[in-house]
1. For the range 272-355, just say rounded, prolate or oblate: build the C-alpha gyration tensor, square-root its eigenvalues into a ≥ b ≥ c, call rounded for a/c under 1.5, and beyond that prolate if a/b exceeds b/c, oblate if not.
2. Relative contact order of the chain, please, whole-number percent, based on alpha carbon pairs below 8 angstrom and at least 6 residues apart.
3. Between residue 334 and residue 149, take the C-beta separation as r, use R0 = 25 Å, and let me know the FRET efficiency to the nearest 0.05.
4. To the nearest 10 degrees, how steeply does helix 282-293 sit against the main Cα axis of the chain, on a 0 to 90 scale?
5. For the residues 346, 330, what sequence is obtained by ranking on other C-beta atoms within 10 Å, fewest first?
6. Quick check on the chain: helices-only [θ] at 222 nm, where DSSP H runs of length 4 and up contribute -39,500 (n - 2.57) each and the sum goes over total residues. Nearest 500, please.
7. Using packing as a proxy for protection, rank 122-128, 135-141, 45-51 so that the peptide with the highest average count of other Cβ atoms within 10 Å comes first.
8. Order these peptides, 281-293, 2-14, by their mean beta-carbon neighbour count within 10 angstrom, highest first.
Ligand SMILES: NC(=O)c1ccc[n+]([C@@H]2O[C@H](COP(=O)([O-])OP(=O)(O)OC[C@H]3O[C@@H](n4cnc5c(N)ncnc54)[C@H](O)[C@@H]3O)[C@@H](O)[C@H]2O)c1
């Protein structure tokens, strides 16, 4: 594979991890990472990228000039975003809208100029939260669970599928991602751009700079590691809300398959995540973090839910599995122990950011 891949947001968690893995698996490909380094901690990726032979370009996708001079790109993997579902709450949504929407347009325009393929890392947040929260559920000792017998469009025994209705509010973050997906469809139809959309649940792994509004798995581990403060926000404040968790290396394996078999995946949209077996509640995550760090910390309880929050989300990845044979390989336990090891070995550089 001697392709030229541009990864926007390439110093961020997902972007830098994909970049390093692409170089590891395909030594002869050229990987260029573009990032404005807005996310605190993204700067730590720069030496890692350099050591892997990856070109770094400091730039902002809101400015189309910053994308000029990038020629002969075969694939753009768009990982540059304001990735928080809480963005725009009690603050101006300007940065979110300009990056996640105007930025996508600028990246699509580059794709049009280069006739490159466009792989978009979208989100489960495109699905409306009121509708997700109205799926019948019951409460177990450590988590909420959807009623197994319940079936409605897009709700299967494996979770939420691509058939889930899209009508309703989904957070501004989710809305910018869905709008971007629609633009990809138009660029595909009108300009023949190859596109693939992966709607991901929670992605995690080493090099995620977890913070309160995004990257909760790393945040949880780091707070346990350094005896920090944590709260169970919402849904009664007991930590029973559930998410499915995907290791970024599993995502890489999927994207690698998609790029190499793009004729099958061209124009497709897939739900991608850890699925039922890769799901975890916050309370269960606490137990895993205690075990991984040997520390028990007090966790505050805040019963009121945050705006736009969902009680549960688990990806039904059947469609992508049927198309590729792909399934996530790394268990939640393995992911936790890998992140714990990463924190332990890089304490001095990570403490100012994660503690
Ligand atoms: N991490 C997850 O759980 C998750 C889940 C679903 C989808 N996603 C999507 O994956 C992508 C990557 O997310 P992440 O977790 O790596 O987040 P991240 O914050 O670690 O990475 C995003 C990177 O984009 C950069 N960036 C922000 N605004 C920019 C701009 N205007 N121009 C150039 N660079 C800019 C940031 O500095 C950061 O390095 C995002 O599109 C996000 O929506 C992430």
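Read-outs: derived from the displayed coordinates by stated rules, not from any lab. Not measured: the values here are computed from a predicted model. No Cβ is skipped: glycine too gets one built from the backbone with ideal geometry, and neighbour counts run over all protein chains shown.
1. Oblate shape, in that a/c is at least 1.5 and b/c is the bigger or equal ratio.
2. Contact order relative to length: 18 percent.
3. 0.20
4. 80
5. 346, 330
6. Helices in the chain give a 222 nm mean residue ellipticity of -10500 deg cm²/dmol.
7. Most protected by this proxy first, the peptides run 122-128, 45-51, 135-141.
8. Answer by packing, highest mean first, reads 2-14, 281-293.
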